[in-house]
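Peer 1: What follows is a structure written as structure tokens; I'll ask about it next.
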Amino acid sequence: MSPPTHFKLNTGAQIPAVGLGTWKSEPGEVRKAVSFALKDGYRHIDAALIYGNENEVGQGIKDSGVPREQIFVTSKLWNTHQPNVKEGLQKSLDALGLDYLDLYLIHWPVRLVPNDTSDTLPTNPDGSRAVDRSWDQSETWRQMEEVYREGKVRAIGVANWSIPYLEELSKKWTVVPAVNQVELHPFLPQHELREYCAKHGILLEAYSPLGSTGAPLMSDPDIRQIAEKNDVSAATILLSYHVSKGVVVIPKSVTEKRISSNKETVTLSKEDLAVLDELAAKGKAKRINTPLFGWDLGFADWYGSVRSK
Ligand code: NDP
């Protein structure tokens, strides 16, 4: 059976199962990568204001010649814009050269307060990040619902939210998040979060599926063994893991051959999925992305609950 090419959001819209990530895609590379990916068949691009490259992503979209309405474009509200979602959104739309987004996410459940040190990653005098610990995420979500109702974004969601954070938000939301984009791979399978999101109709998106820069998970012996057995690359196994489980995956690459092969997923057997699901519980649990703000707020479970059910 061929793997699914699309999943359905709780808005009723379709989202392509594989999208192109753009974090750390340098200016000069990302325009070409986006244009190539779209000409090669991708219809889903994952962007964010903080990546600092949205204008090139937008240029790549235009260069491709693929009509805007055929492309699913995601961007993310940066932490310093939490008190003013409209302003953050407009910055992304202007940089991308678009008049709407298909999906807009709260990038992290943390408000940072801009100061003299920086507009984007401000620090306190002691060097720690300038986190506003009293900020109520439900206010950010209320403003997300507002831009959604105004039609500038066709779906809204969150990124990097743990179950307790989602539970708290659920007391106030009138629009259920369409997506929760989190770090997800066999070493951080987040089984409980997966169940929680499924129960609430929130689609999961897997970021850093290859282990981020340098794709370190591809050299893991257990992953390589499954790749050899299936006669595909380790990247294909790591990406197919998600699509086979009903999860969107957004691998980043600026290398044409890799961009091309990353969109070709395969259906993994129940046995292979079970092996991949258990790797974290067998001592391989690992979180790769740990930015220097707000971890003590508890928005993410450090090892993302490695137990499988
Ligand atoms: P990935 O796990 O996608 O890995 C990217 C790295 O893998 C790059 O070094 C890339 O190299 C390499 N690579 C890609 N494909 C292959 C392949 N087939 N064979 C060998 N190497 C390969 O990392 P990211 O952390 O970038 O995650 C993906 C996307 O998720 C991001 O770009 C971003 O859009 C999103 N994200 C969201 C976050 C959030 O907080 N919401 C946080 C982190 C990521 P090269 O480019 O040189 O080909």
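Only the coordinates and a few stated rules stand behind these numbers; no lab work does. Since we're looking at a predicted model, the values are computed, not measured. In this analysis, Cβ positions are derived from the backbone assuming ideal geometry, glycine residues included, and neighbour counts consider all displayed protein chains.
Peer 1: Under the condition of being under 16 Å from residue 209 (Cα atoms) and aliphatic (A, V, I, L, M), which residue from the stretch 282-294 is nearest to the ligand (Cβ to nearest atom)?
Peer 2: 288
Peer 1: Checking residue 247 against (1) aliphatic (A, V, I, L, M); (2) closer than 24 Å to residue 180 by Cα; (3) without any contact (Cβ under 8 Å) to a residue 40 or more places away in the chain, only one condition comes out false. Which one?
Peer 2: If we test residue 247 against (1) aliphatic (A, V, I, L, M); (2) closer than 24 Å to residue 180 by Cα; (3) without any contact (Cβ under 8 Å) to a residue 40 or more places away in the chain, just (3) comes out false.
Peer 1: I would also like to ask the following. With the condition kept exactly as written, say whether any residue in the stretch 195-209 is touching a strand residue (DSSP E or B) at 6+ places or on another chain (Cβ under 8 Å) and more than 21 Å from residue 267 (Cα to Cα).
Peer 2: Scanning the stretch 195-209, I find at least one residue that is touching a strand residue (DSSP E or B) at 6+ places or on another chain (Cβ under 8 Å) and more than 21 Å from residue 267 (Cα to Cα), so the answer is yes.
Peer 1: Would you check if residue 279 is more than 11 Å from the ligand (Cβ to nearest atom), in contact with a helix residue (DSSP H, G or I) (Cβ under 8 Å, 6 or more places away or on another chain), without any contact (Cβ under 8 Å) to a residue 40 or more places away in the chain and not basic (Lys, Arg)?
Peer 2: For residue 279, the condition - more than 11 Å from the ligand (Cβ to nearest atom), in contact with a helix residue (DSSP H, G or I) (Cβ under 8 Å, 6 or more places away or on another chain), without any contact (Cβ under 8 Å) to a residue 40 or more places away in the chain and not basic (Lys, Arg) - is not met.
Peer 1: Which ones in the stretch 42-56 are more than 13 Å from the ligand (Cβ to nearest atom) and either surrounded by fewer than 20 Cβ atoms within 10 Å (Cβ to Cβ) or without any contact (Cβ under 8 Å) to a residue 12 or more places away in the chain (or both)?
Peer 2: 55
Peer 1: Counting only residues that are touching a Pro at 6+ places or on another chain (Cβ under 9 Å) and free of Cβ contacts under 8 Å to residues at least 40 places away in the same chain, how many does the stretch 250-263 have?
Peer 2: 1
Peer 1: Search the stretch 12-41 for residues being crowded, with 19+ Cβ neighbours inside 10 Å and in a loop (DSSP other than H, G, I, E, B), and hand back the single one that is nearest to the ligand (Cβ to nearest atom).
Peer 2: Here the answer is 23.
Peer 1: Considering only residues that are of a type in the set (A, V, I, L, M, F, W, C) and closer than 16 Å to residue 159 by Cβ, which ones fall in the stretch 106-135?
Peer 2: Listed by number, the residues that qualify are 106, 108, 110, 112.
Peer 1: For residue 131, indicate whether it is within 22 Å of residue 289 (Cβ to Cβ) and either crowded, with 23+ Cβ neighbours inside 10 Å or touching a residue at least 60 places away in the same chain (Cβ under 8 Å) (or both).
Peer 2: Taking the combined requirement at face value, the residue satisfies it.
Peer 1: Here's something else I'd like to know. Mind checking which strands (runs of 3 or more DSSP E) fall wholly inside the stretch 42-106 and carry at least 2 residues that are hydroxyl-bearing (Ser, Thr, Tyr) and touching a Leu at 6+ places or on another chain (Cβ under 6 Å)?
Peer 2: By residue number, 72-77.
Peer 1: In the stretch 58-75, how many are over 18 Å from residue 107 (Cα atoms) and within 14 Å of the ligand (Cβ to nearest atom)?
Peer 2: 1
Peer 1: May I ask you to verify whether residue 292 is under 30 Å from residue 173 (Cα atoms), more than 19 Å from the chain's Cα centre (by Cα) and of a type outside the set (D, E, K, R)?
Peer 2: no
Peer 1: Residue check: is residue 135 over 19 Å from the mean Cα position of the chain (by Cα) and in a loop (DSSP other than H, G, I, E, B)?
Peer 2: For residue 135, the condition - over 19 Å from the mean Cα position of the chain (by Cα) and in a loop (DSSP other than H, G, I, E, B) - is met.
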